[in-house]
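The values are calculated or read from the model by the stated rules, or taken from the named source; none is laboratory data. Source: prediction; values computed, not measured. Don't worry about glycine lacking a Cβ; one is built from the backbone with ideal geometry, like all the others, and counts go over all protein chains shown. Note: areas computed on protein heavy atoms with side chains; ligands, DNA, RNA excluded. Shrake-Rupley method; radii C 1.70, N 1.55, O 1.52, S 1.80 Å.
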Amino acid sequence: MLRHYLTIAARNLWKKKAFSAINITGLTVGLTCCLLMALYIQYELNYDRFQSNGSRITRMIMEYSFSGSVSKGNYTSTKVAPSFKKNFPEVEEAARMSGGSKRVIKYGENLFVESRFLYADSTFFDIFSFNLLRGDKKQSLSGANKVILTQSSAKKYFGNEDPVGKTILVGSSAIPYEVTGISEDCPTHSQIKYDFLASFSSLGVNQEETYYEANYTTYLLLRNEAAIAGLQSKIPGFMKKEMAGKVSGNDYVTYELEPYNRIHLHSPYDGFESNNSITYIYIIAAVALLILLIACFTYINLSTARSMERAREVGVRKVSGAHNNQIFLQFIGESLIISTIALLLSIVLGVMLLPAFNQLADKQITVAALFSPFALGFYFTVILCISLLAGSYPALILARFKPVHVLKGSFKNSGSALWLRKSLTVFQFMISSFLIISTFIIQEQLHFIQNKKLGYDREHVIVLPMDGKILSNMSSIRTQLMTVPGIESISRAVNDPTEIKGGYNMRSDAMSEETQIMTTANPVDEGFIKTTGVQIIAGSDFIEQDVKDVSDSVAEKDKKYHFIINESAAKALGWTPQQAINKKMFLGNHRPGYVKAVVKDFHFASLHKPIKPLVLFNGQWSSVMMAKISGANLPQTIASLEATWKANIKHRPFDYHFLDEDYNKMYRSELRIGKVLNIFTLIAALLAAAGLLGLSAYTAQQRTKEIGIRKVLGAGIFSLIALLTKDFAKMVVLSCAIAFPVGWFVMHKWLQDFAYRIDITWWIFVVSALASIGIAVITVSFQAAKAATANPVKSLKTE
């Protein structure tokens, strides 16, 4: 019996090659999209799951208030870890970490700039499940200037030598660090990734006795997962006692426990790498599922449409003694065969597309993931669901045929089957229209982000590394770099203008010391305004003497600070830009100075956040160097800059990137989701069009005799095309009417996450509607024209 069913199924597939091809192709594409997205979602949801203590680890989030202004972030001082471990029995272990800036590493002739250089307490391996292959977990990070290398880094610097016990030179000062251990390479799905893990005591800051100076990350390992809520409830009272006499009024400092396993997808605060967002996981999952539904609905539509053709077959089978359940199982079996063929093709396609998908998603999913237990379970579940979803309704319709009516030729497609096909077609194009609307709006927002006037020039600005040795020779290095053709200005700062992070307090001379306004501040030199193109609206720019007035050679009491503030800072201090000039103010209580200029507000953070007060001041420390270039003959400028760098800065390699790269990094998730939606929307539209093509072909075939009679009676080709097209066009218009409010609501909610965003305008819906209707009309017209131009003599002979 099974062999007989398989033979009949194979014959039907071969007999109707076009319909079979549409079904198998649609299901293959839908399954491939769903498979790749399922692997991506699994990868993201499994982030940090290898951490055996993950459910007991928390990250400390600091929240503090000054004069009513509240700030919050994933930073703490070095005091938090020892204080909490000492005072709370719920805390089993604590570790402080620091990292993010690049380090120059040298061993022998090997000299590289490393970006994954982290510092951690010796308790690191007690908290986190990174595998230490060589060295002692307790002692390897105990003491200053000790470092653990990963296997890849050890191979990179030492080849086949044993690195343990040897010394590498770190930083511009070439500080010797002893290699005390080797660990496995960090998993790709870990929010903590390092190539070098150095002892936290190497920083020389682990004895600070204040809750301020919050520049580090603190992790706590609790004794059990249930302790999180209890400990959280104790923190406000504990911190109130700790800060008694150190804050005034309603000001406060407190901490929030952030579960480690939720950081990557749920936290607004990045760690040692950028987080993803659970919202985008939901979007990707929904889009993949919708594409699969379009493919399934195409299968259901074509199967129910062909039910009349197979009516006689079912009638003969029933007369021969076949029961309804046998008929049902036969057609479910055919659905299973088609689904299996599509699945096998999708796995092959998935293997071929995985490298491109990894590049698109910025992930490292391996081919082995396609054959993991998760993937095998996914295949079984999807095949079962598709077979039942796509095959049940056609099978039930066919199984209910009454043989007497069928064999007499009086059977016609039921009204319910016709209603279902129309409903599914509407739903298919509703999905397509929704995706088209979403794609338009997301692309418009991304275009807005990338082309918005930010208040500074992010084009033609090169970002170069900065360290203590370069800083000490900055004057001569600047002179040498300015000789490079195409270089217009050079500047140094702690942060480039794309994202300024420094948290400070400010007040005017008229305000009391207890009244402080929180502000962001950035130490810069006299070239910052010119290099970045920030616009001064009142006052004058820094000059070289301003920098000298606060140099290390000047006694602290004799330093003369000069400030450039933005419009928001001037407003917060109660001044207009013109009134602010030469006004005395304080950046903290130990930096008194005068406002030298006010600059127009510019976006020094993501467009997700509103512009806040900002102070630029002269400082003797810097993290980046920036070079403004003309942009003419760029390759020659870069080559000359590299040659000058190597001639004057021999202790570190030439390493540069453009400022707009830093800007785009802030919107990595949005850019990624934009690319994914572009591709998936195109796929969804093509799948919907393919389904409509098959359905219109069948409709034209069913109305062949009617078309022949109309042509004999004088109907023109265009009137026949309109006759066959109008019903489908009505369904697409209805789908747009449903999709538009849904699309507006979803995209409106998404845009709320941006402080600066586009308005959703009417033309987006008009273009989306025209695109959907155009796809449908062109698809149906192809089949309609073919039917309308057929020889009416042959049409009238059709039975």
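Sum up the charges of everything whose Cβ sits under 10 Å from the Cβ of Leu360, counting Lys and Arg as +1 and Asp and Glu as -1, but leave Leu360 out.
+2
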Per-residue SASA entry for Lys675, accessible area with 1.4 Å probe, Å² rounded to 10: 120
Peptides ranked, highest mean first, by Cβ atoms within 10 Å: ranges 502-514, 286-298: 286-298, 502-514
Alpha-carbon radius of gyration plus Dmax, which is the widest Cα pair, for region 479-520 in Å: 17.7, 51
With 5 Å bins from 0: P(r) over region 61-178, alpha-carbon pairs, percent: 2, 9, 16, 19, 17, 13, 9, 7, 4, 2, 1, 0
Heavy atoms of Ser172: accessible area, 1.4 Å probe, square angstrom to 10: 20
Rounded percent of accessible protein surface that carbon and sulfur make up, region 329-370, 1.4 Å probe: 76
Between helix 717-751 and the chain: long-axis angle, C-alpha atoms, 0 to 90°, nearest 10: 30
Per-residue [θ]222 nm for the chain (sum of -39500 (n - 2.57) over DSSP H runs n ≥ 4, rounded to 500): -16000 deg cm²/dmol
Separation of the Ile536 and Ala737 label points, Cα + 7 Å toward Cβ, nm: 6.2
Average accessible area per residue (Å²) across the chain - probe 1.4 Å, nucleic acids and ligands excluded: 45
Whole-percent carbon and sulfur share, accessible surface of region 500-545, 1.4 Å: 45
Most to least packed among 635-647, 615-627 [average Cβ atoms within 10 Å]: 615-627, 635-647
Kirkwood-type radius of region 124-233, with distances r between different C-alpha atoms, in Å: 15.8
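Test of the criteria: in region 415-474, which trypsin sites (Lys or Arg not before Pro) are in a DSSP loop and have at most 13 other Cβ atoms within 10 angstrom of their Cβ? Don't skip to the end; give the middle numbers.
Values: sites: Arg421, Lys422, Lys452, Lys453, Arg458, Lys469; in loops: Lys452, Lys453, Arg458.
Answer in residue order: Lys452, Lys453.
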Accessible-area ranking of Arg49, Arg103, Arg757, Arg652, largest first, probe 1.4 Å: Arg49, Arg757, Arg103, Arg652
Relative pair counts by distance (%), Cα atoms of region 593-696, 10 Å bins: 9, 21, 24, 23, 11, 8, 4, 1
Share of carbon and sulfur in the accessible heavy-atom surface of region 141-224 [1.4 Å probe, %]: 45
Pair-distance profile P(r), taking every C-alpha pair of the chain, with 10 angstrom steps and integer %: 2, 11, 16, 19, 17, 12, 9, 7, 4, 1, 0
Heavy atoms of Phe158 accessible to a 1.4 Å probe, total area in Å² rounded to 10: 10
Pairs from Lys106/Lys469; Lys501/Lys584; Lys138/Lys193 whose Cα-Cα separation, in the structure shown, is over 18 Å: Lys501/Lys584; Lys138/Lys193
